[in-house]
């Protein structure tokens with residue numbers, strides 16, 4: 001994408017940000033003011049962000065952080081919006097969205113088995129890149145939405161593996177603007193968590209992947225995994241995937257089902273009948289509908305089954 005300003009400068013009704021900030025965001029390749037967040041979340045809900053910037057390079061990530069910290073403006077970093085619930089009131093301050101909307105993104109093969117990719121690269125694009133070059137070890141990503149940066153932060157994965165099993169080093173930008181490359185070891189991550197310094201913003205990483213003896217079988221396996229996910233998950237509706245982490249020794253979907261919550265609905269939000277750890281937007285749900293259903297699910301599971309659920313999705317903004 002060439003350098004161009006897509007900034008739509010508006011005066012904020014809230015009056016909480018100095019008007020002069022809007023002139024500065026025009027220096028970004030992609031930037032908006034008063035931008036509805038429902039366009040950027042897989043729940044398809046969420047009110048406006050005061051400012052949304054979409055950095056295309058590590059340098060633009062640093063620019064966004066400098067703008068926020070230099071002005072004393074609160075900021076939030078998001079990825080592809082696949083694990084995110086934004087309140088209907090929106091987000092005050094600056095949202096830094098690290099996600100490449102165009103296919104491909106910043107990926108390159110450094111040498112045999114070593115791939116470097118930016119945080120904004122979608123997992124699906126990363127899989128395609130690796131498949132074209134005959135690599136394996138990426139099957140666990142099949143069908144998981146979002147971008148690599150979010151996958152690293154959450155150490156996303158399945159029983160087949162997770163990000164910590166293939167990442168060699170991770171690049172991040174510190175709160176004061178330094179770009180750091182950190183070697184990764186297995187003990188740096190755990191279930192749905194990657195241990196990073198406070199305030200670190202993922203910029204990219206280097207991955208170590210095995211060359212497959214049979215690339216066609218890897219591709220076929222990935223397609224089979226995707227078909228299996230499609231058959232078991234309610235992908236025809238907006239959602240954020242699994243809502244709750246699995247408590248030790250339990251599966252959240254099973255606990256929710258045992259609590260009699262399959263198909264439970266609040267407003268436009270519903271617990272999926274196909275997979276009970278999915279909350280789906282079936283009829284123009286609000287973020288508050290979804291949040292209320294999350295809280296009701298936690299309360300009912302604890303009351304009826306005696307197990308406390310912890311939400312996996314990230315909730316941003318003011319809720320009732």
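A short reminder: the numbers here are calculations on the coordinates, not readings from a lab. Note that the structure is a prediction, hence the values are computed from the model and not measured. With ideal geometry, Cβ positions are generated from the backbone for all residues, glycine too; neighbour counts draw on all protein chains shown.
Would you please report the Å³ per residue occupied by the convex hull of the alpha carbon atoms in the range 21-97?
76
For 253, 175, what's the fewest-to-most ordering of other Cβ within 10 Å of each Cβ? Each step should come with its number before you reach the end.
On the way: 253 20, 175 13.
The order, fewest Cβ neighbours first, is 175, 253.
When a footprinting reagent is the concern and you count Cβ atoms within 10 Å, what order do 252, 111, 27, 106 take, fewest first? Write out the running numbers ahead of the final one.
On the way: 252 22, 111 6, 27 14, 106 17.
So the ranking, lowest neighbour count to highest, is 111, 27, 106, 252.
Hey, what's the Kirkwood Rh for the chain if you take every pair of different alpha carbons, in angstrom?
20.6
Under Stokes-Einstein, with the Kirkwood radius over Cα pairs standing in for Rh, what whole-number D in µm²/s applies to the range 219-320 at 25 °C and 0.890 mPa s? It would help to have the intermediate numbers written out before the result.
Working: Rh = 14.1 Å.
This corresponds to a translational diffusion coefficient of 174 µm²/s.
Calculate the tail of P(r) for the range 180-238: the fraction of all Cα-Cα distances greater than 19 Å, expressed in %. List each step's numbers first, then the result.
Details: 1029 of 1711 pairs.
Every Cα pair in the range 180-238 considered, those over 19 Å come to 60 percent.
What percent does the relative contact order of the range 107-217 come to when contacts are Cα pairs within less than 8 Å and at least six residues apart?
34
Using 5 Å bins from zero, what percent of all Cα-Cα pairs in the range 107-217 falls into each bin?
With a bin width of 5 Å, the distribution comes to 2, 13, 24, 27, 19, 10, 4, 1, 0, 0.
State the extension gain, in nm to one decimal, for the chain segment bounded by residue 226 and residue 265, taking 0.36 nm per residue of separation less the distance between their alpha-carbons.
Full extension from residue 226 to residue 265 adds 11.3 nm.
Below 8 Å between Cα atoms, with a sequence gap of 6+, how large is the relative contact order for the chain in percent?
Normalised by residue count, the contact order of the chain is 16 percent.
Return 271, 144 ranked ascending by Cβ neighbour count within 10 Å, so the fewest neighbours appear first.
Values: 271 26, 144 20.
Ranking 271, 144 by Cβ neighbours within 10 Å, fewest first, gives 144, 271.
What is the distance in Å between the Cα centroid of the range 237-302 and that of the range 97-138?
32
Let me have the relative contact order for the range 21-97, percent, based on Cα pairs under 8 Å that are six or more residues apart.
37
State the percent of C-alpha pairs, over all pairs in the range 76-148, separated by a distance greater than 14 angstrom.
63
For the chain, what does the helix formula give at 222 nm: sum of -39500 (n - 2.57) over DSSP H segments with n ≥ 4, over the residue count, nearest 500 deg cm²/dmol?
Computed ellipticity for the chain at 222 nm equals -7500 deg cm²/dmol.
I want to check the label-to-label distance for residue 211 and residue 59. Put each point 7 Å from Cα in the C-beta direction and report it in nm to one decimal.
With each label placed 7 Å out from Cα toward Cβ, I get 3.5 nm.
Between residue 296 and residue 318, what length comes free when the chain is fully extended (0.36 nm per residue of separation minus the Cα-Cα distance, one decimal in nm)?
That pair, residue 296 and residue 318, stretches by 6.1 nm at full extension.
At 0.36 nm per residue, and after removing the present C-alpha to C-alpha distance, how many nm does the segment from residue 273 to residue 101 gain when stretched out fully?
Here the answer is 58.8 nm.
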